[in-house]
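Visitor: Please find one structure pasted underneath; my questions will follow.
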Amino acid sequence: MSNEVLELAQEFKGTADHIREKYNSLSEKYEQLEQHVAGIEVAQKGWRPTYGGDVESKSDPMLGDYLRKGIMPGSESKSLSVTNDGQGVTVRSEWSDRIFKLVRETSPVRSVASVMTTSTNALEVLVDRDEPQSAWIGEIDARTKTDASFMTRQVIGVNEHFALPEATLQMLEDSSFDVEVWLQSKVASRFTRQENAAFMNGDGNGQPRGILTYTTVPEATFTWGADPAAYEIGATFSGIDGDIVDANGDNNFDALFDLVDSLKAPYLPNAAWMMTRAMRNKIRTIKDSQGRYIYHTSLAADTPDTLLGYPVFLAEDMPTPAADTVGALFGDFSQAYCVVDRLGADVIRDPYTKPGFVKWYVRKRVGGSLTNPEAIKALILGSEPA
């Protein structure tokens, strides 16, 4: 055999060996792909593949990785895992960009109240509780000075509200979503809930004073006193302990009409209801003598429901309906309650004082107080005191 033929034969053999090697490699990958597809199909039926090709229903510790990540048996998977990051959170190299969160309900006080700002640690508001004195007088009769005591001042202090969340540097580095923005949004949400809770129930010591902390009195005895700390709220009583509908299904929805009628006419154009969902569910089953519901559910997403023609806001910081509790509030909240902001949320980022961690010191200064007690009325679920 000549040298040329020998060289040609060797070249042909090398090419054939290369093709065979590629074929074997492709065949192996194709078999893996077939097994992967088969695994997906049987997983949809609640079964799993054995790694020999059969199907069985027994559990296998490798099934989770196989179905979640497509990792074939025997293959190697490397991922960064930190199980103690100081936050009780497992940090991995891959993160979803979607967060599922618990929805917490609160009260919409800030959205309907009067909101004012101050540059100091308190805000003084003027209170007009009376009218200046006046009288009929003759042409040349002596005039006396008008008493200006109808104008008084009310001081609303501001209080500091803070949070100090922290996260590990690895958590910030490895996440596929912006952890810093997420944490700040959680703090803002927490601030909102706590503020609104204080606007409803705060005791006024280091926090705003809430609407429900003021004493309620029968509407017939209500007066607007001079001392803001001793303000009272006029109340109408349902006559049924803890409810507005008794055990026989009889209702006292006249109490709702009485409550609306107890509010002075100038406050009615901007009036609204506040109540819990539980209280709303009691009221919306009530019908008038013509069989018509007095509660009307809105069909528009941005339009509140109405009760007797006035919008209804759900306030989950109000008490659960029970005997002698406030079941609903009705009035012009922009006149009745004032929220005072000293400054917006101030965020200080600290990556230095605790190595490996980033801390955010978030603070806000805010106050709140009842400013016009005659602009709001309460429905008490019980009988009027004798």
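Visitor: May I ask you to verify whether Arg292 is open to solvent by 30 Å² or more (accessible area, probe 1.4 Å) and either over 30 Å from Asn121 (Cα atoms) or free of Cβ contacts under 8 Å to residues at least 60 places away in the same chain (or both)?
Guide: Judged against the criteria, Arg292 is a match.
Visitor: Would you say Thr297 is exposed (fewer than 15 other Cβ atoms within 10 Å of the Cβ), more than 21 Å from Lys264 (Cβ to Cβ), touching a helix residue (DSSP H, G or I) at 6+ places or on another chain (Cβ under 9 Å) and at pLDDT 90 or above?
Guide: No: the conditions fail for Thr297.
Visitor: Just checking: which of the strands (runs of 3 or more DSSP E) contained wholly in segment 302-386 hold 1 or more residues that are more than 30 Å from Ala229 (Cα to Cα)?
Guide: 337-350, 357-370
Visitor: Testing Met318 on (1) under 27 Å from the mean Cα position of the chain (by Cα); (2) open to solvent by 30 Å² or more (accessible area, probe 1.4 Å); (3) in contact (Cβ under 8 Å) with a residue 60 or more places away in the chain, one condition comes back false. Which one is that?
Guide: In the conditions (1) under 27 Å from the mean Cα position of the chain (by Cα); (2) open to solvent by 30 Å² or more (accessible area, probe 1.4 Å); (3) in contact (Cβ under 8 Å) with a residue 60 or more places away in the chain, Met318 misses (2) alone.
Visitor: Picking from Ser238, Ser262, which residue would you name as being surrounded by 15 or more Cβ atoms within 10 Å (Cβ to Cβ), under 11 Å from Leu379 (Cβ atoms) and modelled with pLDDT under 95?
Guide: Unique residue meeting the criteria: Ser238.
Visitor: For Ala229, state whether it is loosely packed, with under 13 Cβ neighbours inside 10 Å and under 27 Å from Ser383 (Cα atoms).
Guide: Yes: the conditions hold for Ala229.
Visitor: What helices (runs of 4 or more DSSP H) completely inside segment 153-265 contain at least 3 residues that are polar (S, T, N, Q)?
Guide: Because the criterion is at least 3 residues that are polar (S, T, N, Q), the helices (runs of 4 or more DSSP H) in segment 153-265 that meet it are 179-201.
Visitor: Additional query: For segment 146-173, which positions are at pLDDT below 80, within 28 Å of the chain's Cα centre (by Cα) and either under 30 Å from Ser134 (Cβ atoms) or open to solvent by 30 Å² or more (accessible area, probe 1.4 Å) (or both)?
Guide: Hit for segment 146-173 is Leu172, nothing else.
The values are calculated or read from the model by the stated rules, or taken from the named source; none is laboratory data. The shown structure was predicted, so the numbers you read here are calculated from the model rather than taken from an experiment. Neighbour counts are summed over all protein chains in view; Cβ atoms, including those assigned to glycine, are modelled from backbone coordinates with ideal geometry. Ligands, DNA and RNA are stripped out before the accessible areas are found, and what is left, the full protein with its side chains, is counted by its heavy atoms. Shrake-Rupley method; radii C 1.70, N 1.55, O 1.52, S 1.80 Å.
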